[in-house]
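Comments concern the structure below.
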Amino acid sequence: LDVPQPRCANAAIGRAVPASTPIRAVACGEAHTLVLTLRGDVFACGRSREGQLGVGMPLTTERGLHLIEDLRPYRVEQIACGNMHSVAVTSSGHAFEWGLLLPLSKAVDTAEWAEKRSGIGKDFNEDLNDKQRRIVAQSWSHYMRNSAAADAEDSEDFDTRAAVSMLSDAECRRLAVRNPRLCGGLEGLRVRSAACGYAHTVLAVGYVHKGEGDSTGVAGDTLVAAGYGEKGQLGDGGRCSRARFAHVAMPPGAKVVAGTGGAIGEAYLACGLNHTAAIAAPGGQLLTWGYGVFGQLGLGHGRKEQCTPQCVDLPSAVLRVACGENHTLAATEDGSLYAFGHRDAVGGASHRERLPERRQDLSCGSGERVQAIFAGGAGCFALPHEASVGNYPALYAWGYNQRLALGHFTPRLDARPGPVAFPPLPGAVVTAFSAGANHCVAVLESPRCCVLPPGGAGPFLGARSMLQALAGAAPYDVHVRARGKACNGGSDAPLGAHRSILLARCPSLAEHLEEVAGGGWSFVLSEYTVFCVAALLEYLYTDYCRVGADVAAELKRLAKDLGLGRLLAGVCSASETDSVSEGVRWARTASGRWEQVAVAQYEADQDVMSTYAEDLQRLVVEVGDGVPPTDGFVELVVRDVGGAGAVQRLHVARALLLTNDFFRTFLEGDFSEAVELRSGRHCAELIADDTEAFMLCLRAFATGAHSHLRTADDPQAALALLAEAHRLELHDIVGDVESALSQAVAEGRCAAQLPEVQAAARIFSLPRLAQIASEEGRRVEAAVEDELMRAEC
């Protein structure tokens, strides 16, 4: 399915990635995508026939995001995709790979190799004599090793059998590896970053050495490579393929610049289909090697193929590099952008001389400041500096738009950079981006404006509990009627809401609710369309709403009547536009007509701050802090185990509790507490391991904001939160606390609580925390042994 312009995927992603967890990075292959969260979890979707998703399932295509369970014990820092394989780099310096890969064990398909040898017209073993076999083997060996024409191979001592064995290994086929495996050949090396090509992978690594005491460090940075090497893309001087990583033949004194992959502007190592580029220190030299027929190496006409890294001649130090299928981009210290390679991808005339060409339209002096560069397929991408983005997200693209990967609507050749057709999202900026062979993925910050353009599969921003409540996970106790066709053919369309949430988010609306005989509440907004009222409810529950300009114009009047300043400001932004005439703006009315309005009228209340988290805290209130209404709230009496601690009395919105499986069972199941509540008892009693942790979990669940938990400052409090969140089945909070505890353990801040952390990881089935705690335990034991040995000496 071709998608001519960027479309929102949050509704689909939100089913797998916790709403409270930001996305750190994305990576795109030929037909699959990886998503890395800030917690260090990796999710995958797309084609899986060759195992590139790492989920162990032999599926042809997996549309939904799936967590790669085999990587759960590790905190992943960086991800990379080749066409049909993937790589992940962990915080401990390990690298995992999966997908279509060469087998690590020697498993040569002898029948296939014999068939390939018969391509010379004769059978290698039966039709050739010893001298002829030696000549053929020498010819292939000379080509694969990229050796000189006249060397010791011409002697009678040439080992024909060894040469044939080497060629057999070189012709070994890739196999589908469906689960992540540790990359081979990296003993004693710590991986810093990774890049993938069509069928090869290059890693930036450092040597792990023992420091003073029990500390370890990483000395130097170099490159290692594995995979197909028939075009010289492995950079070892030959054309042999290999499954295990081996060193790239770097120029004397050159060390690769290895980034962490944490910033969007970091790009020091890149791979095209069959070529590689890296930035080396000192001096920011750009090194390229591999296939260069289209000029993607930037080394001139004489270098259509290069088996070892060579320096590209550029007037200034290189800061960032990116590679597409057959082209390369380089951003230099003086603010220039250079492009070289296939003319359909980069435009210009660099393909004629096969040398770098400066892009005048995106270099210093053009008025544009480039923050980051990307490349993929036959496209080029440049992210302007944040200061020049303006009010809407901006990303420039150019190249061959055959697969619509440039986001330019029309499949054509675009030689000049043009903006990607992002939807209008005021205040949103690009925080992560990746370009694959046929598709791209961009991650944007939450927009400043609360009114978003229509589209998408449903609401996707806001607290997970509120999204579930809006979808009807908790039965509605308020029925709102608006103008429009109902499902049953009536004149008014009813919409559902919850009184407790309306009281917290919009008291002016809740004041006009009318009690209905038999239970429940109602509110009539017959002067507004059902689309307008639905947008209002979406805003109240999620702090955002998706409407077009016509509905926004109607919503503007409703927001003003209800005193919702932030919504009113968002509506103004969505339904008004700048005029070419200075001092005048055009506003779209509910009838669809555009009318002039004064700028001063528009600019009022444009920077209204969100009160979403503060409002939702009113769904969980301590008795004595306020007197919430009886209807719609449940009184919980929370006691410590054993009754030694303080008793917490809370009023909690019933609609909030019913979006959680634990509380739904507690309130509506056959437990004695549920039966007593239904029989008229005004409160329910709960036992908690830690009442303070229980209350923090409940408030974090209500607001969707977990930053106030402060788990990293107090490991003991974090363990209490972990226990309560696990018991209450608050999986998002469990993940956040596990991530914070894992980081604290890795940094050595939980030495006193290490046994408790290990026990919690085992009891609550937290593989990452268990792995990191186990590694820290071994490190502490080794340090103690070293200390004892030094004391004995």
Can you tell me how much longer the chain between Val3 and Val675 gets when fully stretched, taken as 0.36 nm per residue apart minus their C-alpha distance, in nm with one decimal?
236.6 nm
Below 14 angstrom from the Cβ of Glu515, what's the summed charge of the other residues (Lys, Arg +1; Asp, Glu -1)?
-3
For Glu511 and Thr611 in one chain, what is 0.36 nm times their gap in residues minus the Cα-Cα distance, to one decimal in nm?
34.1 nm
Could you tell me the accessible area of Ser508 in Å² (1.4 Å probe, neighbours in place), rounded to the nearest ten?
40 Å²
With a 1.4 Å probe and all protein chains kept in place, how much accessible area does Glu729 have, in Å² rounded to the nearest 10?
80 Å²
Roughly what would the spin-label model give for Val780 and Ala415, points 7 Å off Cα along C-beta, in nm?
6.6 nm
1/(1 + (r/R0)^6) with r = Cβ-Cβ of His301 and Tyr392, R0 = 30 Å, i.e. FRET efficiency to nearest 0.05, evaluates to 0.10
Would you mind working out the accessible area per residue for segment 738-785, using a 1.4 Å probe, and quoting it in Å²?
49 Å²
Say R0 is 22 Å: what FRET efficiency, to the nearest 0.05, do Val647 and His682 get from their beta-carbon distance?
0.90
For the residue pair Asp631 and Lys255, what label-to-label distance in nm results when each label sits 7 Å from Cα along the Cα-to-beta-carbon direction?
7.2 nm
Along Cα→Cβ, 7 Å out, is where each label goes; now give me the distance between the ones at Ala281 and Val208 in nm to one decimal.
2.2 nm
Linear extension gain, Lys560 paired with Ala16, 0.36 nm per residue minus alpha-carbon span
192.2 nm
Arg664, Arg49, Arg320, reordered so the largest accessible area comes first (probe 1.4 Å):
Arg49, Arg664, Arg320
Ellipsoid semi-axes in whole angstrom, largest first, where each is sqrt(5λ) of the Cα gyration tensor of segment 315-415:
20, 19, 10
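The values are calculated or read from the model by the stated rules, or taken from the named source; none is laboratory data. The model shown is predicted, which means the values in this text are computed figures rather than measured ones. All Cβ positions, even for glycine, are placed from backbone atoms using ideal geometry, and neighbour counts span all protein chains on display. Just the protein is used for accessible areas: all its heavy atoms, side chains included, with ligands, DNA and RNA removed. Shrake-Rupley method; radii C 1.70, N 1.55, O 1.52, S 1.80 Å.
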